[in-house]
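Engineer: One structure, as structure tokens, below. Some questions next.
The values are calculated or read from the model by the stated rules, or taken from the named source; none is laboratory data. Since this is a predicted model, take the numbers as computed values, not measurements. Quick reminder, even Gly has a Cβ in these numbers, built from the backbone with ideal geometry, and neighbours come from all protein chains shown. Side chains included, ligands, DNA and RNA excluded: accessible areas come from the protein's heavy atoms. Shrake-Rupley method; radii C 1.70, N 1.55, O 1.52, S 1.80 Å.
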Amino acid sequence: MKTENVIQAVSSAFPRMSELREHPEQMNPFDYESDDYLVEVKIRRKDYDPWIIEEMKVDTNISIAEGAKKDFLYVNCFPPII
């Protein structure tokens with residue numbers, strides 16, 4: 001599964017979300033942004049139990065989102081589960 005497929009699924013799950021734009025910088029803490037959301041996508045090759053969530057990345061993005069008055073979505077994927 002590619003990131004674009006995950007973003008399509010997120011957009012379908014949040015139909016009122018404005019268009020998600022990919023962040024141009026590869027080393028940015030989040031991958032996509034809309035008018036109201038910052039989105040980080042993690043696609044895993046291994047099924048971890050429990051799923052791995054990068055706490056430092058989440059904390060950083062929550063802080064950025066609060067400053068921008070946006071919500072933050074951390075999307076974890078192990079195909080075909082999102």
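Engineer: Please give me the summed charge of the neighbours of Y37: other residues whose Cβ is under 9 Å from its Cβ, Lys and Arg +1, Asp and Glu -1.
Structural biologist: -3
Engineer: Right, here's the next one. In nm, to one decimal, how far is the modelled label at I64 from the one at R44, with both set 7 Å along Cα→Cβ?
Structural biologist: The answer from the label model is 2.2 nm.
Engineer: GluC sites (Glu not before Pro) within the range 1-48: which are DSSP loop residues with at most 10 other Cβ atoms inside 10 Å?
Structural biologist: In loop regions of the range 1-48 (DSSP not H, G, I, E or B), the sparsely surrounded GluC sites (Glu not before Pro) are E19, E25.
Engineer: Treat each spin label as a single point 7 Å out from the Cα along the C-beta direction, and report the I53 to A9 distance in nm.
Structural biologist: Spacing of the two 7 Å Cα→Cβ label points: 1.7 nm.
Engineer: Sketch the reach of a paramagnetic label on F78 as a point 7 Å from Cα along Cα-to-Cβ, and name the residues of the range 1-44 whose backbone nitrogen lies under 13 Å away.
Structural biologist: Hits in the range 1-44 for F78 at 13 Å: 43-44.
Engineer: Note down the accessible area of D31, probe 1.4 Å, to the nearest 10 Å².
Structural biologist: Result for D31: roughly 40 Å² accessible.
Engineer: Can you tell which of A13, N61, Y37 lies farthest toward the positive end of the dipole of the chain, using +1 and -1 charges on the Cβ of basic and acidic side chains (Lys, Arg; Asp, Glu)?
Structural biologist: Working it through, the farthest residue towards the positive pole turns out to be A13.
Engineer: Let me know the charge dipole size of the chain about its Cα centre in debye, to the nearest 20, where only the beta-carbon of Lys, Arg (+1) and Asp, Glu (-1) is charged.
Structural biologist: 260 debye
Engineer: Rg to Rh ratio, the chain, alpha-carbon atoms and Kirkwood radius?
Structural biologist: With Rh from the inverse mean 1/r over Cα pairs, Rg/Rh is 0.95.
Engineer: Please list, by residue number, every one of the trypsin sites (Lys or Arg not before Pro) in the chain that is coil in DSSP and has at most 12 other beta-carbon atoms within 10 Å.
Structural biologist: K2, R16, R45, K46, K69
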